[in-house]
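Here the structure is laid out as structure tokens; the discussion comes afterwards.
The values are calculated or read from the model by the stated rules, or taken from the named source; none is laboratory data. These numbers come from a predicted model, not from an experiment. Positions of Cβ are generated from backbone atoms using ideal geometry, with glycine treated the same way; all protein chains shown enter the neighbour counts. In case anyone asks, the SASA skips ligands and DNA or RNA and just uses the protein heavy atoms, side chains included. Shrake-Rupley method; radii C 1.70, N 1.55, O 1.52, S 1.80 Å.
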Amino acid sequence: MTKSSDGLRSRAWFDNPERPDLTALYLERYLNWGLSIEELQSGKPIIGIAQTGSDLSPCNRHHIVLEARIREGIIAAGGIPISFPVHPIQESGKRPTAGLDRNLTYLSLVEVLFGYPLDGVVLTTGCDKTTPALLMGAAAVNIPAIALSVGPMLNGWHRGTRTGSGTVIWEAREQLARGEIDYAAFLTLVASSTPSVGYCNTMGTATTMNTLAEVLGMQLPGSATIPAAYRDRAEMAWRTGRRIVELVAEDIRPSDIMTRAAFLNAIRVSTAIGGSTNAPVHMAAIANQLGVELDIGDWETHGYDLPLLVNLQPAGQYLAEDFYRAGGVPAVVAEMMRHGLIDADAPTVTGRTIGENCRDAEIILPDVIRTVEAPLSRRAGFKVLTGNLFESAIMKTSVIDDDFRQRYLSNPDDPEAFEVTAAVFDGPEHYHRSIDGPGVVVDENTVLVMRGAGPIGYPGAAEVVNMRPPAHLLKKGIDSLPCIGDGRQSGTSGSPSILNASPEAAAGGGLALLRSGDRVRIDLRKGRVDVMLPAEVLAVRRGELEVAGGFVIPPSQTPWQDIQRQNVLQLGDGAGLRSADRFRNLAQTAGIPRDSH
């Protein structure tokens, strides 16, 4: 059975005169809560609402409230809303890491969108991985889709100072280690950063990915940064509900919107906003669902030499409520367009181009959103690195502060390069029990190395690479050390770490051969990170590791952990599933699924 002449997939379930028995079967259970045969056979599109809000996902919980306005918008435009739950992903709640859940959520959404009578879908996005997971699923099935961000929290405040969610934790733990605050004060300080519903109010992964979803064209203009608690957010929910019905009528699909031009725009804007180091991982996974060419090198080629314009923590001073009031994403895009830094012809869910959507937007608060002529930093993108410890890794240059630059990157005889001694930790447990103990030698000329933290090793790739210096260095005023890891780092962290090293130690990467005391050279000019050992020594170490049975990883604790470990790609390739590229454009290539009875 193919789509009906009016283009609606749902008619194959609800109005198929060739199989009245099956039509009746599909219809009758959707009537038991009040829908009518007249509605379901009216030719109105059936619009799914992919609901990510739940008590387990507090960052997205406000979508439970926003759903009512989405439904009203769908009905007002002539559609029929049907809500369904999405597997929860809460970055700060899931153990061992929410990195396990992105691919699981993507898989489950594919099954829902392909296997149920839906003509279009509203993707309720928010906390870090809900945004890429839902975009991945919608891209794979390729029915009309639009995203609605739940929005960031309001600004946090503590004693008259802005406190940013996530970012304040990394600052508070240093104060705790120095003995400046106690346990109770630590909790009070951190809690001050979460004053309302919504996701992180800093430029963490949540704000980054929802901003980039708008730049990709998958959200209505201006919608990404509206604080969750604002009435504007509910109004945008209604407008989003209306627009998805129009997208179905116009047959505009994710593959029409998320083009390579859109992805390159997103890379450029990621630099301008000081975006999270998790963005390259997620954007690669979304692009792969569409068959769009995007590799890790694109982040340096198209984003490294661009300026930092948005003055948000952790790279800056302000928070997301300020960003919205300053003009939000349209103001950033308009400023970049004025300097030829955006492909203005990239399409969006409005049916217009990003240039048409944003050209007239203005910067309202010039200290929050800077101009290209007066940026926070003139070169702020991700540096892509390689070497004998990994094939690829990234470093967020927008968070390199003056102290770090002075200590490590200002040698006139060796500019933008430094050599340090490795202190190697096999997982965060090893780090936490050792960093302040006598058994590990760490000084200001040390690089902290975290391994066993990748997609296979952890499993799921945990945000454990942002490691603080030992207490004795913090008390001397040294607040950061170079870090390297095969895991991830919270987007709310201001540490200029070398992250997402691929392949990871558990997959045979060079970090598995590194030992505490080895000298490591980091050269940002050449884009290399190397352990300063002859290849023959590394070959001997690899042979010894193989004889010992390989890099030790913890056993899988659940079926999904085991399944993902067997099928997951490395962080440099997006950490998606190996077989995902076989399942694209399903609504067009696989047609309507077979009948169930």
Look through Thr202, Thr225, Thr271, Thr211 and report the one residue that is of a type in the set (Val, Ile, Thr), under 26 Å from Arg488 (Cβ atoms) and in contact with a Ser or Thr (Cβ under 6 Å, 6 or more places away or on another chain).
-> Thr202
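Quick check on the range 225-269: of everything there that is more than 22 Å from Asn142 (Cα to Cα), outside any helix (DSSP H, G or I) and of a type in the set (A, V, I, L, M, F, W, C), which residue is most open to solvent (accessible area, probe 1.4 Å)?
Taking the range 225-269 first, the residues more than 22 Å from Asn142 (Cα to Cα) are 225-236, 238, 267-269.
Those left that are additionally outside any helix (DSSP H, G or I): 225-230.
Imposing the further condition that a residue be of a type in the set (A, V, I, L, M, F, W, C) reduces the set to 226, 228-229.
Working: Ile226: 4, Ala228: 0, Ala229: 55 Å².
Checked the range 225-269; the qualifying residue most open to solvent (accessible area, probe 1.4 Å) is Ala229.
May I ask you to verify whether Ile394 is modelled with pLDDT under 95 and either closer than 22 Å to Glu300 by Cα or small (Gly, Ala, Ser) (or both)?
Values: modelled with pLDDT under 95: no; either closer than 22 Å to Glu300 by Cα or small (Gly, Ala, Ser) (or both): yes.
No: the conditions fail for Ile394.
When you scan the range 65-92, how many residues do you find that are within 28 Å of Glu463 (Cα to Cα) and open to solvent by 70 Å² or more (accessible area, probe 1.4 Å)?
Step one: of the range 65-92, the residues within 28 Å of Glu463 (Cα to Cα) are 85-92.
Pick out the ones that are also open to solvent by 70 Å² or more (accessible area, probe 1.4 Å) and you get 85, 92.
The number of residues fulfilling the criteria is 2.
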Residue, least open to solvent (accessible area, probe 1.4 Å), within the range 154-206, restricted to residues that are farther than 20 Å from Leu312 by Cβ and of a type in the set (S, T, N, Q) = Gln175
Scan the range 31-60 residue by residue and report those that are touching a helix residue (DSSP H, G or I) at 6+ places or on another chain (Cβ under 7 Å) and open to solvent by 60 Å² or more (accessible area, probe 1.4 Å).
-> Ile37, Gln41
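Of Ala285, Ala331, which residue is touching a residue at least 40 places away in the same chain (Cβ under 8 Å) and either closer than 30 Å to Asp530 by Cβ or part of a helix (DSSP H, G or I) (or both)? Walk me through how you get there before you give the answer.
On the way: Ala331 fails: touching a residue at least 40 places away in the same chain (Cβ under 8 Å).
Criteria check complete, one pass: Ala285.
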(1) open to solvent by less than 60 Å² (accessible area, probe 1.4 Å); (2) assigned to a helix (DSSP H, G or I): which one isn't true of Glu536, the others all being true?
-> (1)
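Ile354 - would you say it is at pLDDT 95 or above, farther than 22 Å from Arg243 by Cβ and among the β-branched types (Val, Ile, Thr)?
Working: at pLDDT 95 or above: yes; farther than 22 Å from Arg243 by Cβ: no; among the β-branched types (Val, Ile, Thr): yes.
Judged against the criteria, Ile354 is not a match.
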Exactly one condition in (1) within 25 Å of Arg242 (Cα to Cα); (2) polar (S, T, N, Q); (3) part of a loop (DSSP other than H, G, I, E, B) is not met by Asn210; state its number.
-> (3)
Elements of type helices (runs of 4 or more DSSP H) contained in the range 36-132, each with 2 or more residues being hydrophobic (A, V, I, L, M, F, W, C), closer than 17 Å to Ile146 by Cβ and out of contact with any His (no Cβ under 7 Å at 6 or more places or on another chain) = 63-76, 101-115
Quick check: anything in the range 580-587 surrounded by 15 or more Cβ atoms within 10 Å (Cβ to Cβ), under 25 Å from Glu419 (Cα atoms) and of a type in the set (Lys, Arg)?
-> no
When Asp295 is run through (1) in a helix (DSSP H, G or I); (2) closer than 26 Å to Phe583 by Cβ; (3) of a type outside the set (A, V, I, L, M); (4) open to solvent by 10 Å² or more (accessible area, probe 1.4 Å), the failure sits at (1)
Could you give me the residue pairs with C-beta distances under 7 Å whose first residue belongs to the range 243-261 and is closer than 23 Å to Ala76 by Cβ, whose second residue is open to solvent by less than 30 Å² (accessible area, probe 1.4 Å) and among the charged types (D, E, K, R) wherever it lies, and which are 6+ apart or on separate chains?
-> Val248/Asp119
Do any residues in the range 540-566 that are of a type outside the set (D, E, K, R) have Cβ atoms under 8 Å from those of residues that are part of a helix (DSSP H, G or I) and surrounded by fewer than 14 Cβ atoms within 10 Å (Cβ to Cβ), where the two are at least six apart or on different chains, and which pairs are they?
-> Ser556/Asp562
Here are some conditions: (1) under 23 Å from Gly198 (Cβ atoms); (2) touching a strand residue (DSSP E or B) at 6+ places or on another chain (Cβ under 8 Å); (3) open to solvent by less than 40 Å² (accessible area, probe 1.4 Å). Ala98 meets all but one. Which one does it not meet?
-> (2)
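In the range 495-504, which residues are in a loop (DSSP other than H, G, I, E, B) and in contact with a Lys or Arg (Cβ under 9 Å, 6 or more places away or on another chain)?
Residues of the range 495-504 in a loop (DSSP other than H, G, I, E, B): 495-497, 503-504.
Within the range 495-504, Ser495, Pro496, Ser497, Glu504 qualify.
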Only residues in the range 229-242 that are within 15 Å of Ala147 (Cβ to Cβ) and of a type in the set (A, V, I, L, M) count as the first member; pair them with residues that are open to solvent by less than 30 Å² (accessible area, probe 1.4 Å) and in a helix (DSSP H, G or I), Cβ under 8 angstrom, at least 6 apart or cross-chain, and list the lot.
-> Ala237/Leu66; Ala237/Ile70; Ala237/Gly73
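Can you name every residue in the range 348-360 that is without any contact (Cβ under 8 Å) to a residue 60 or more places away in the chain, within 26 Å of the chain's Cα centre (by Cα) and in a loop (DSSP other than H, G, I, E, B)? Walk me through it before giving the result.
Filtering the range 348-360 for residues without any contact (Cβ under 8 Å) to a residue 60 or more places away in the chain gives 352-353, 355-356, 359-360.
If we keep only those that are within 26 Å of the chain's Cα centre (by Cα) too, we end up with 352-353, 355.
Arg352 - this is the single residue of the range 348-360 that is without any contact (Cβ under 8 Å) to a residue 60 or more places away in the chain, within 26 Å of the chain's Cα centre (by Cα) and in a loop (DSSP other than H, G, I, E, B).
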Pick out, from the range 136-177, the strands (runs of 3 or more DSSP E) lying fully within it that include 3 or more residues that are of a type outside the set (Lys, Arg) and over 30 Å from Leu8 (Cα atoms).
-> 156-158
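Within the range 548-579, take every residue that is among the β-branched types (Val, Ile, Thr) and more than 21 Å from the chain's Cα centre (by Cα) and give me the one that is most open to solvent (accessible area, probe 1.4 Å).
Going through the range 548-579, the residues among the β-branched types (Val, Ile, Thr) turn out to be 552-553, 558, 563, 568.
From what is left, the residues that are more than 21 Å from the chain's Cα centre (by Cα) are 552-553, 558, 563.
Details: Val552: 123, Ile553: 64, Thr558: 61, Ile563: 83 Å².
Result: Val552.
Could you count how many residues in the range 13-30 are of a type in the set (D, E, K, R) and open to solvent by less than 20 Å² (accessible area, probe 1.4 Å)?
Qualifying residue count, the range 13-30: 0.
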Matching residues in the range 344-388 (closer than 20 Å to Ile252 by Cα, open to solvent by 20 Å² or more (accessible area, probe 1.4 Å) and in contact with a Ser or Thr (Cβ under 9 Å, 6 or more places away or on another chain)) number 5
Would you point out the residue of the range 37-72, among those that are within 26 Å of the chain's Cα centre (by Cα) and of a type in the set (Ser, Thr, Tyr), that is nearest to Tyr106 (Cα to Cα)?
-> Thr52
Can we say Ala331 is at pLDDT below 95 and not polar (S, T, N, Q)?
-> no
When (1) basic (Lys, Arg); (2) within 15 Å of Gly452 (Cα to Cα); (3) touching a Gly at 6+ places or on another chain (Cβ under 7 Å) are applied to Arg515, the one that fails is (3)
